[in-house]
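Just passing along the structure, written as structure tokens.
The values are calculated or read from the model by the stated rules, or taken from the named source; none is laboratory data. Quantities reported herein were computed from a predicted structural model and do not represent experimental measurements. All Cβ positions, even for glycine, are placed from backbone atoms using ideal geometry, and neighbour counts span all protein chains on display. Heads up: the accessible areas ignore ligands, DNA and RNA and are worked out on the full protein's heavy atoms, side chains in. Shrake-Rupley method; radii C 1.70, N 1.55, O 1.52, S 1.80 Å.
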Amino acid sequence: MTSAEQYMVYYFDVGEQSYYFLDEQAANQAFTEAELRGELPMWGEPTPLATLLEIKDALLAKFTKRIAFLELQLERAEMSHLDFDLGG
């Protein structure tokens, strides 16, 4: 078992902001403080850190492929632009 598999990630959302914790007690305290401030926090499902790392890696791979595709499209557009005689 790797160290990432040993940790659980606790989180809650307040509006568009998410707060993540590796310590359940710290998460509960922050959640309570957010409630006292009237921020209406909402708990997320506790998740193993290893699972979140797998999701992160999958998203990074997807975005990397998308960026490479867009760069290729940009290069093609620039190359086709050079083929035109804009001098008239």
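With each pseudo-label sitting 7 Å past Cα toward Cβ, what's the Ala68-Gln17 distance in nm, one decimal?
Reported label-point gap for Ala68 and Gln17 is 3.7 nm.
Subtracting the Cα-Cα distance from 0.36 nm times the residue separation, let me have the gained length for Ala58 to Met8 in nm, one decimal.
16.1 nm
OK, next. Taking only protein heavy atoms and a 1.4 Å probe, what accessible area per residue, in Å², does the chain have with all protein chains in place?
Normalised by residue count, the accessible surface of the chain is 84 Å².
How big is the C-alpha Rg of the chain next to the rule-of-thumb value 2.2 N^0.38 Å, as a ratio? Walk me through the numbers before you get to the answer.
Details: Rg = 22.6 Å, N = 88, 2.2 N^0.38 = 12.1 Å.
The reported ratio for this selection is 1.87.
Then there's this: By how many degrees, 0 to 90 and rounded to 10, does the Cα axis of helix 49-83 deviate from the longest principal axis of the chain?
20 degrees
Of all accessible surface on the chain at a 1.4 Å probe, what whole percent is carbon and sulfur?
58 percent
For a quick check: with amide H placed at 1.01 Å from N, whose amide H comes under 5 Å from Gly44's, ignoring anything fewer than 5 positions away on the same chain?
Excluding prolines and chain starts, which carry no amide H, the hits are Tyr11, Phe12, Asp13.
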